[in-house]
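*Asks:* For reference, the structure I am asking about is given below.
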Amino acid sequence: MFSQLFGTYLVEKQIITKDEYRAAIEKQLSVRVKLGTIAIADGLLSEEDVEMINQLQMQFDKRFGDIAQEKGLLTAEQIDALLAKQGNPYMQFTQSLTECTELTATVIDKTLAAFQKEHGFSDADMTALKADDLDALIPVFACAANPLITELAGLVVRNINRFVSRDFYIGRIRHVKSLPYSALAGQKLTGSTNLCLALAEESSVQAFSLIAGNFSGVAQNDAIDTLDAVCEFINVNNGLFASDQSEHDKEFELEPVFAYKDQSVEGDFHILPIFIEDHKVTLVIADNDAVKPGTTPYHSSSNEKKVYEVSADAKGSILVVDDSRMSRVILKNLLEEEGYSVVAEATNGEEAVEMFEQHPVDLVTLDITMPKMDGIEALQKILAINADAKVIMITAAGQQSKVLEALKYGAKQFITKPFEKDVVLNSVKEVIGK
């Protein structure tokens, strides 16, 4: 983040050109590789190990090295050695600047002092910036009266760094009453404190496209797919937040995600500007019920139930139910690659019950948080139709109470988003029995 903040400052002061800035950033990023990549190259981890750790990072708000150590894959000494090989971001960017521009180290140091003074950074802030220490930087950039806002903002920023792009920086959090946008994706959490988390594009949707494509790993065909994937990114962040808060005896329930286009957020809320590969997106966080994300929700035409032909030699027939198209596509691909036949898709509980009546299947995968009718109610209705129905619940992290409720009513298993291939297939095999 230091490189992007300081590089942008140099461009604004016309010390370097935008092209020189981008060249220096790209050079630095080519050198500063991810820990997992270094670990694979050094023979310390397999590609499967790294993929597993990456997936766990989507379920637990922990650093790559911490998860690797907890799983017994790396020692503390090995992690320190990998971090040393990854290098210091400040030194790397300084080196890149001297190679890509006519700046000298002396000029860079003098300009850096002016940068620190203009932004009001303390020496401790600068130390954290130079190390790209996000945990130390979040309180500097996203300090709010309600610590839950700062915690939620920090979680989103860390996950942008992990799953979207390392080429980003953030501005200072602000308290506002209105924010116009061209597109917005969000979700509300209810509990001891009611919260609303959203991402908004104020003009284009280039940042949304980056978030959607890099997070999902699935090609985005149009604006509908993009909004859907950004909604899932929000959902995963809220699930992680709810899970973390449950360890402090604070319970939150996730409501269905929502999307709006060409309207404005109104009320009392905070915004945090985030610049991903120079494209701006705005993080919106509210801790009250008065905030209105828009007046007319955007309903995508892709959210329609679908029916497919059954493969004669399939291992089993499955109904996939989820309000996220991205999740349905990922699940369908995973299952069909393994030889199962996805007979139908549904996007909410009402459709799920209707499709189950019309198309008896060996298994239903049923998302918990959906509009119109949630997964818990749909589960009960499906079991009322057929008491022997086999249902696996799909849940974001942080929905433990809902999972327990579903298991009590008769669900056979649960799978946590984002999906781990082996977990999905093992659960399906266990429940179907083949």
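The values are calculated or read from the model by the stated rules, or taken from the named source; none is laboratory data. This one's a predicted model, so the numbers in the text were calculated from it and none came from an experiment. Every residue, glycine as well, gets a Cβ built from its backbone with ideal geometry; the counts of neighbours run over all protein chains shown. Each accessible area value is taken on the protein alone, full model and side chains, heavy atoms only, with ligands, DNA and RNA left out. Shrake-Rupley method; radii C 1.70, N 1.55, O 1.52, S 1.80 Å.
*Asks:* Eight or more residues apart or on different chains, and alpha-carbon atoms under 19 Å: count the Lys pairs in the stretch 1-90 matching that.
*Replies:* 6
*Asks:* Full-extension gain between LYS381 and VAL423, please, as 0.36 nm times their residue separation minus the C-alpha to C-alpha distance.
*Replies:* Once the chain is fully extended between LYS381 and VAL423, it gains 12.5 nm.
*Asks:* Also, I was wondering about something else. For helix 105-119, what angle does its Cα long axis make with the longest principal axis of the chain, in degrees from 0 to 90 and rounded to 10?
*Replies:* Value to nearest ten degrees: 60.
*Asks:* Sorted by packing (mean other beta-carbon atoms within 10 Å per residue), highest first, where do 84-92, 277-285 land?
*Replies:* Ranking, from highest mean packing down: 277-285, 84-92.
*Asks:* Going toward the positive end of the dipole of the stretch 47-139, with +1 on Lys and Arg Cβ and -1 on Asp and Glu Cβ, which of ALA131, VAL107, GLY65 do you reach last?
*Replies:* VAL107
*Asks:* With a 1.4 Å probe and every protein chain kept in, tell me what percent of the accessible surface of the stretch 38-103 is carbon plus sulfur.
*Replies:* Taking all protein chains in place, the stretch 38-103 shows 50 percent carbon and sulfur surface.
*Asks:* Please give the contour-minus-distance gain from VAL307 to GLU12: 0.36 nm per residue of separation, less the Cα-Cα distance, rounded to one decimal in nm.
*Replies:* Working it through step by step, the gained length comes to 100.8 nm.
*Asks:* Using only the alpha-carbon atoms, how far is helix 375-385 inclined from the longest principal axis of the chain? Give it as 0 to 90 degrees, nearest 10.
*Replies:* Here the helix axis deviates by roughly 20 degrees.
*Asks:* Moving to a separate point now. About its Cα centre, what dipole magnitude does the chain give when the only charges are +1 on Lys and Arg Cβ and -1 on Asp and Glu Cβ, stated in debye to the nearest 20?
*Replies:* 440 debye
*Asks:* Could you work out how far apart the two model spin labels at SER192 and ALA76 are, taking each label as a point 7 Å from the Cα in the direction of the beta carbon, and quote it in nm?
*Replies:* In this crude label model, SER192 to ALA76 measures out at 3.2 nm.
*Asks:* On to the next question. Based on Cβ point charges of +1 for Lys and Arg and -1 for Asp and Glu, what charge dipole magnitude is obtained for the stretch 323-386 about its Cα centre, in debye rounded to the nearest 20?
*Replies:* That gives a dipole near 80 debye.
*Asks:* Gaussian network model of the chain, Cα springs within a sub-10 Å range: biggest mean-square fluctuation belongs to which of GLY316, GLY72, GLY239?
*Replies:* Looking only at GLY316, GLY72, GLY239, the largest GNM fluctuation is found for GLY72.
*Asks:* If you line up the long axis of helix 18-31 against the longest principal axis of the chain, both from Cα atoms, how many degrees apart are they, to the nearest 10?
*Replies:* 70 degrees
*Asks:* Just the Cα atoms of the stretch 154-267: what Rg and Dmax do they give in Å?
*Replies:* 14.3, 41
*Asks:* Could I ask something else about it? Select from the stretch 1-104 those GluC sites (Glu not before Pro) which occupy a DSSP coil region and have at most 16 other Cβ atoms within 10 Å, ordered by residue number.
*Replies:* When the GluC sites (Glu not before Pro) of the stretch 1-104 are filtered for loop state and at most 16 Cβ neighbours within 10 Å, GLU102 remain.
*Asks:* Run through the DSSP bridge list for the chain and note the antiparallel percent, rounded to the nearest 5.
*Replies:* The antiparallel proportion sits near 70 percent.
*Asks:* Let me ask something else. With runs of 4+ DSSP H residues as the only contributors, calculate the mean residue ellipticity of the chain at 222 nm using -39,500 (n - 2.57) per run, divided by the residue total and rounded to the nearest 500.
*Replies:* -15000 deg cm²/dmol
*Asks:* Another one. Taking all protein chains in place and a 1.4 Å probe, what share, in percent, of the accessible surface of the stretch 179-295 do carbon and sulfur account for?
*Replies:* 46 percent
*Asks:* Moving on to the next point. I'd like the distance between the alpha-carbon centres of the stretch 5-20 and the stretch 141-192, rounded to an integer number of Å.
*Replies:* 26 Å
*Asks:* Another question, then. Would you work out which of GLY316, LEU148, SER209 lies farthest towards the positive end of the dipole of the chain, given +1 charges on the beta-carbon of Lys and Arg and -1 on that of Asp and Glu, about the Cα centre?
*Replies:* Ranked along the dipole, the leading option is LEU148.
*Asks:* Same structure, new question: Sum up the charges of everything whose Cβ sits under 9 Å from the Cβ of PRO89, counting Lys and Arg as +1 and Asp and Glu as -1, but leave PRO89 out.
*Replies:* Around PRO89, the surrounding residues sum to +1.
*Asks:* Measure off, as a whole percent, the carbon and sulfur share of the 1.4 Å-probe accessible area of the stretch 322-422, all protein chains present.
*Replies:* Summing carbon and sulfur atoms, their accessible area is 45 percent of the total for the stretch 322-422.
*Asks:* A further question follows. GLU99 versus LYS408, label points 7 Å from Cα toward the beta carbon: distance in nm?
*Replies:* Here the answer is 6.0 nm between the modelled labels.
*Asks:* Let me ask something else about it. When only the heavy atoms of the protein chains count and the probe is 1.4 Å, how do ASP42, ASP388 rank by accessible area, highest first?
*Replies:* Final ranking, largest accessible area leading: ASP388, ASP42.
*Asks:* While we're on this one: Can you list the lysines whose alpha carbon is less than 17 Å from that of LYS381, not counting same-chain residues fewer than 8 positions off?
*Replies:* Candidates past the 8-residue exclusion: LYS372, LYS390, LYS402, LYS408, LYS412.
*Asks:* In Å², what does the accessible area per residue of the chain work out to with a 1.4 Å probe?
*Replies:* 44 Å²
*Asks:* With a 10 Å cut-off between alpha carbons and a GNM built on the chain, which of GLU253, GLU337, GLU266 moves the most?
*Replies:* GLU337
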